[in-house]
Protein chains: 2
Amino acid sequence: MKKRPTITDVAQAAGVSLMTVSRVVNDKPGVGEETRQRIRQLIEEMGYRPNEIARGLATRQTATVAIVVPDITNPFFAQIACGAEAVAFEKGYHLFLLNTAENTDREVAALDSLQQKEIDGVLLCSPRLPIDDLEATISQFAAVTLFNRELQNPLPNVAQININDVLGAQLAVQHFVASGRRRLALIAGPVTSTSGQRRIDGYRAGLRAAGLIFEPQAMEHCQPVTEGGRMATAQLLARRPKTDAILAFNDLVAVGAIQACEDSGRRVPDDIAVIGFDDIPLATIVRPHLTTLHIDLEEVGRLAMSKILEIIQQPDAPAHATHWIDPQLVIRDSA
Amino acid sequence: MKKRPTITDVAQAAGVSLMTVSRVVNDKPGVGEETRQRIRQLIEEMGYRPNEIARGLATRQTATVAIVVPDITNPFFAQIACGAEAVAFEKGYHLFLLNTAENTDREVAALDSLQQKEIDGVLLCSPRLPIDDLEATISQFAAVTLFNRELQNPLPNVAQININDVLGAQLAVQHFVASGRRRLALIAGPVTSTSGQRRIDGYRAGLRAAGLIFEPQAMEHCQPVTEGGRMATAQLLARRPKTDAILAFNDLVAVGAIQACEDSGRRVPDDIAVIGFDDIPLATIVRPHLTTLHIDLEEVGRLAMSKILEIIQQPDAPAHATHWIDPQLVIRDSA
DNA sequence: TGGCGCAACGTTAACGGTAACGAATTTTGT
DNA sequence: ACAAAATTCGTTACCGTTAACGTTGCGCCA
């Protein structure tokens, strides 16, 4: 690993001052065309690259954004990260990955450690952090985008991106009803999940719109994994055998629900229809292929990064409204 | 976002020079115990955090490592990233995420852009990059760990971590043979995959050890996804109907293989046994649960990060031998 | 012809730290 | 008791870059 040339080396080689080289590097005016070309060529020949650390110290901008996720192993967040990274790379930014392992203490510590890096912004996917900590965090950074959290009063340095869970659940109910199902049930996720709560709201709104009534015993909470979905569904079917449609909290839960249905001798979708949520890759691997609510998570990530770059590049712009991402019903084989 | 205090602010508040504060911050000797305590308290009160950018410029160490993966959306790499991030966080390091989207040009560009960031090391998961580019890249960075690539001559600044694919495939064959199967087949991955090549080698070695012969028509290459596995298996079964055991390139392919078996009226594992590779979460979601070769990928990530930190912290240590990670056969329902 | 304005460049001082060395002050050894 | 050695702290010079301001030199116009 040989030492890389500095801007001073280039300046000496070109017989000019380092400021002239700096102006060429940053495409700023104040350099004659001839000199500019000569320096450009020298930069190329010498393989000069500006040191981003030094630049960061001088400009207080590091061209770096962090993404904080509960679990990068979860494809849901991995896709968001993927979209965000793509835009960051396009725009010459770099992306720190922080994994909180679903642990609030670790999350606070991670956010704390980030301050020392003088990053330009944070993409925060933090379903669980208490609202106070959230607001404290936001005030520490120049720019933040919040995913699936709602702030009461919008701030100029914060963009918000939320999944329209209410709409998604409504679409699912609508599809059940349109295909003749009347005895719907909901396998909801964890009680604490914001997303889960909104999906319940949408489910109830959908029932209401169809003139059906919400029966509390036709809803079961569970852990957001396959096994949780299987157990919850088994319980629900035992309690309410005539159920003919299940909306699951997410695709993993939906797969568990299908398994429980099959275990009890029901055929999906003939006897009972199942709709999932998120459209993870698994949805087209299992059989029957899942009918589910598709969310373009890479697009969510791209949007999140674009928004934060807007804030970084024009910090004085007015506070932006929350972006709602509408899920789309993808009809496959399970409903 | 109010301005954070600098080391000079703390020094002035304490009535000492900034070097004294610097020594306290870095736990270096040369400061009296009383003064040290007083400064510690002031640091706490003022909420001082050293600016890592400035520190990076002065020390030429940024406490930052990058991980370059083909696709973070793939749980395989996500798990490695997760383990790497965990160790990085523990040790006070930060992690850049670079996603190459399986695109070699983008990978080269990404690696190039990283140089400007003066990072301390790179974790490179690059199955496809030509060996020349690989070596050129390595020479640009102070420390590198290479995942699943073999360098002919080890370098002092490079750690290598490889999956023992040969062993894994041997274990699978051994298990097939031990359970009475004799007509084995292999759904291999892409022809270009290093890992795939080694798994073929292990498969052949396993056959040899069991006194079976390798039949070229009992092997089929495919894309490393479910649909690829399904199609390749369908072809293979048509060509060689009496096959009673299939080793798949990975779990996704294994799921496709199972589907092809079921489509052709075969029951898994009664008529035909299937073993996957990698043990991704999907393995315990599909039915039958996959018998597969488990690789503790988070541990791989942790190891990769630990090794690179060793290199960073003592660059003069001798070149390290390649680490081989042994897969473990997890016997579930499919074989 | 002298003054003005502008283009093309250079100088200097940060940005917030750390390394290396130097200067006091205290402790130690004999 | 006094030199030598250690401890504690300060000074200075960077690290590589940019911002702000200076300095030329030249053309233009009254």
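The values are calculated or read from the model by the stated rules, or taken from the named source; none is laboratory data. Please read these numbers as outputs of a predicted model, since none were measured by experiment. Neighbour counts run over all protein chains shown; Cβ positions are idealised from the backbone, glycine included. We work out accessible area using only protein heavy atoms, side chains counted, and drop any ligands, DNA or RNA first. Shrake-Rupley method; radii C 1.70, N 1.55, O 1.52, S 1.80 Å.
Hey, any hits in region A:18-40 for a residue that's within 30 Å of A:Ala110 (Cβ to Cβ) and open to solvent by 20 Å² or more (accessible area, probe 1.4 Å)?
Going through region A:18-40, the residues within 30 Å of A:Ala110 (Cβ to Cβ) turn out to be none.
Checked region A:18-40: no residue is within 30 Å of A:Ala110 (Cβ to Cβ) and open to solvent by 20 Å² or more (accessible area, probe 1.4 Å).
Checking the condition within 16 Å of DNA strand D (Cβ to nearest atom), more than 30 Å from A:Val144 (Cβ to Cβ) and touching a residue at least 24 places away in the same chain (Cβ under 8 Å), which residue from A:Gly47, A:Gly30 passes? First the steps, then the outcome.
On the way: A:Gly30 fails: touching a residue at least 24 places away in the same chain (Cβ under 8 Å).
Being within 16 Å of DNA strand D (Cβ to nearest atom), more than 30 Å from A:Val144 (Cβ to Cβ) and touching a residue at least 24 places away in the same chain (Cβ under 8 Å) holds for just one of A:Gly47, A:Gly30, which is A:Gly47.
Listed here are the residues, each with its yes/no results for (1) within 17 Å of the chain's Cα centre (by Cα); (2) within 28 Å of B:Ala81 (Cβ to Cβ).
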| position | (1), (2) |
| --- | --- |
| B:Arg240 | no, no |
| B:Ala260 | no, no |
| B:Val268 | no, no |
| B:Ala273 | no, no |
| B:Pro281 | yes, yes |
| B:His289 | no, yes |
| B:Asp316 | no, no |
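Answer yes or no as to whether B:Arg36 is at negative phi, of a type outside the set (S, T, N, Q) and within 9 Å of chain A (Cβ to nearest Cβ).
Working: at negative phi: yes; of a type outside the set (S, T, N, Q): yes; within 9 Å of chain A (Cβ to nearest Cβ): no.
Criteria not met by B:Arg36.
Give A:Ile39, A:Ile53 a once-over and let me know the one that is without any contact (Cβ under 8 Å) to a residue 12 or more places away in the chain and among the β-branched types (Val, Ile, Thr). I'd like the intermediate steps shown before the answer.
On the way: A:Ile39 fails: without any contact (Cβ under 8 Å) to a residue 12 or more places away in the chain.
Matching residue, one of A:Ile39, A:Ile53: A:Ile53.
Looking only at region B:292-314, count every residue that is part of a helix (DSSP H, G or I), among the β-branched types (Val, Ile, Thr) and over 16 Å from the mean Cα position of the chain (by Cα) and tell me the total.
2
What number of residues within region A:297-317 satisfy the criterion of being open to solvent by 50 Å² or more (accessible area, probe 1.4 Å) and within 13 Å of another protein chain (Cβ to nearest Cβ)? I'd like the intermediate steps shown before the answer.
To start, the set of residues in region A:297-317 that are open to solvent by 50 Å² or more (accessible area, probe 1.4 Å) comprises A:298-299, A:302, A:310, A:313-316.
When the remaining residues are screened for being within 13 Å of another protein chain (Cβ to nearest Cβ), the result is A:298, A:302, A:315.
The number of residues fulfilling the criteria is 3.
Which is open to solvent by less than 70 Å² (accessible area, probe 1.4 Å) and part of a loop (DSSP other than H, G, I, E, B), of A:His320, A:His289?
On the way: A:His320 fails: open to solvent by less than 70 Å² (accessible area, probe 1.4 Å).
Going through A:His320, A:His289 in turn, the sole match is A:His289.
Assess whether B:Thr104 counts as being away from chain A (no Cβ under 14 Å), among the polar types (S, T, N, Q) and open to solvent by 10 Å² or more (accessible area, probe 1.4 Å). Give the derivation first.
Working: away from chain A (no Cβ under 14 Å): yes; among the polar types (S, T, N, Q): yes; open to solvent by 10 Å² or more (accessible area, probe 1.4 Å): yes.
In short, yes.
Quick one: which of A:Leu134, A:Leu151, A:Leu124 is in contact (Cβ under 8 Å) with a residue 40 or more places away in the chain, touching a strand residue (DSSP E or B) at 6+ places or on another chain (Cβ under 8 Å) and either within 14 Å of chain B (Cβ to nearest Cβ) or on the phi < 0 side of the Ramachandran plot (or both)? Walk me through how you get there before you give the answer.
Details: A:Leu134 fails: in contact (Cβ under 8 Å) with a residue 40 or more places away in the chain; A:Leu151 fails: in contact (Cβ under 8 Å) with a residue 40 or more places away in the chain.
Exactly one of A:Leu134, A:Leu151, A:Leu124 is in contact (Cβ under 8 Å) with a residue 40 or more places away in the chain, touching a strand residue (DSSP E or B) at 6+ places or on another chain (Cβ under 8 Å) and either within 14 Å of chain B (Cβ to nearest Cβ) or on the phi < 0 side of the Ramachandran plot (or both), namely A:Leu124.
Which of the residues spanning region B:16-57 are among the small types (Gly, Ala, Ser), within 10 Å of DNA strand C (Cβ to nearest atom), closer than 30 Å to A:Thr62 by Cβ and at pLDDT below 95?
B:Ser17, the sole residue that qualifies.
Within region B:242-276, how many residues are touching a Ser or Thr at 6+ places or on another chain (Cβ under 7 Å) and either assigned to a loop (DSSP other than H, G, I, E, B) or free of Cβ contacts under 8 Å to residues at least 24 places away in the same chain (or both)?
3
Going through B:Pro75, B:Pro50 one at a time, which residue ends up being surrounded by fewer than 18 Cβ atoms within 10 Å (Cβ to Cβ) and at the interface with chain A (Cβ under 9 Å from one of its Cβ atoms)?
Numbers: B:Pro75 fails: surrounded by fewer than 18 Cβ atoms within 10 Å (Cβ to Cβ).
Result: B:Pro50 is the single residue among B:Pro75, B:Pro50 that is surrounded by fewer than 18 Cβ atoms within 10 Å (Cβ to Cβ) and at the interface with chain A (Cβ under 9 Å from one of its Cβ atoms).
Test B:Arg149 against the criterion of being at pLDDT 95 or above and of a type in the set (Lys, Arg), and give yes or no. Walk me through it before giving the result.
Details: at pLDDT 95 or above: no; of a type in the set (Lys, Arg): yes.
No: the conditions fail for B:Arg149.
Quickly run through region A:78-101 and pick out the residues that are outside any loop (DSSP other than H, G, I, E, B), of a type outside the set (S, T, N, Q) and facing another protein chain (nearest Cβ under 8 Å).
Within region A:78-101, the first condition is being outside any loop (DSSP other than H, G, I, E, B), and the residues that meet it are A:78-90, A:94-99.
From what's left, of a type outside the set (S, T, N, Q): A:78, A:80-90, A:94-98.
Correct list: A:Ala78, A:Ala81, A:Cys82, A:Glu85, A:Ala86, A:Phe89, A:His94, A:Leu95, A:Phe96, A:Leu97, A:Leu98.
Could you say which residue among B:Asp244, B:Asp271, B:Asp278 is within 14 Å of chain A (Cβ to nearest Cβ) and either open to solvent by 10 Å² or more (accessible area, probe 1.4 Å) or within 16 Å of B:Ser179 (Cα to Cα) (or both)? Don't jump to the end; show me each part of the working.
Numbers: B:Asp244 fails: within 14 Å of chain A (Cβ to nearest Cβ); B:Asp271 fails: within 14 Å of chain A (Cβ to nearest Cβ).
Selected residue: B:Asp278, the only one of B:Asp244, B:Asp271, B:Asp278 that is within 14 Å of chain A (Cβ to nearest Cβ) and either open to solvent by 10 Å² or more (accessible area, probe 1.4 Å) or within 16 Å of B:Ser179 (Cα to Cα) (or both).
Is it the case that A:Gly83 is open to solvent by less than 20 Å² (accessible area, probe 1.4 Å) and either of a type in the set (Ser, Thr, Tyr) or within 16 Å of DNA strand D (Cβ to nearest atom) (or both)? Spell out the reasoning first.
Numbers: open to solvent by less than 20 Å² (accessible area, probe 1.4 Å): yes; either of a type in the set (Ser, Thr, Tyr) or within 16 Å of DNA strand D (Cβ to nearest atom) (or both): no.
It is false that A:Gly83 is open to solvent by less than 20 Å² (accessible area, probe 1.4 Å) and either of a type in the set (Ser, Thr, Tyr) or within 16 Å of DNA strand D (Cβ to nearest atom) (or both).
Restricting the search to region A:1-12, which residues are surrounded by fewer than 17 Cβ atoms within 10 Å (Cβ to Cβ), within 13 Å of DNA strand C (Cβ to nearest atom) and more than 43 Å from the chain's Cα centre (by Cα)?
A:Gln12
Let me confirm something: among B:Val158, B:Val177, B:Val108, which residue is modelled with pLDDT of 95 or more, of a type in the set (A, V, I, L, M, F, W, C) and on the phi < 0 side of the Ramachandran plot? Outline the logic, then answer.
Working: B:Val158 fails: modelled with pLDDT of 95 or more; B:Val108 fails: modelled with pLDDT of 95 or more.
Just one listed residue meets the conditions, B:Val177.
A:Leu114 versus (1) part of a helix (DSSP H, G or I); (2) touching a helix residue (DSSP H, G or I) at 6+ places or on another chain (Cβ under 8 Å); (3) within 11 Å of chain B (Cβ to nearest Cβ): which is the lone unmet condition?
(2)
Out of all the residues in region A:287-302, which are more than 13 Å from A:Pro327 (Cβ to Cβ) and out of contact with any Lys or Arg (no Cβ under 9 Å at 6 or more places or on another chain)?
Initially, region A:287-302 is screened for residues more than 13 Å from A:Pro327 (Cβ to Cβ), giving A:287-290, A:298, A:301-302.
A:Arg287, A:Glu298, A:Gly301, A:Arg302, listed by residue number.
In region B:56-68, which residues are facing chain A (nearest Cβ under 10 Å), of a type in the set (A, V, I, L, M) and open to solvent by less than 30 Å² (accessible area, probe 1.4 Å)?
B:Ala63, B:Ala66, B:Ile67
Looking at (1) of a type in the set (A, V, I, L, M); (2) away from DNA strand D (no atom under 16 Å from the Cβ); (3) assigned to a helix (DSSP H, G or I), find the lone condition where B:Ala66 falls short.
Among (1) of a type in the set (A, V, I, L, M); (2) away from DNA strand D (no atom under 16 Å from the Cβ); (3) assigned to a helix (DSSP H, G or I), B:Ala66 violates only (3).
What about A:Glu310, is it out of contact with any helix residue (DSSP H, G or I) (no Cβ under 6 Å at 6 or more places or on another chain) and free of Cβ contacts under 8 Å to residues at least 40 places away in the same chain? Full working, then the answer.
Working: out of contact with any helix residue (DSSP H, G or I) (no Cβ under 6 Å at 6 or more places or on another chain): yes; free of Cβ contacts under 8 Å to residues at least 40 places away in the same chain: no.
Criteria not met by A:Glu310.
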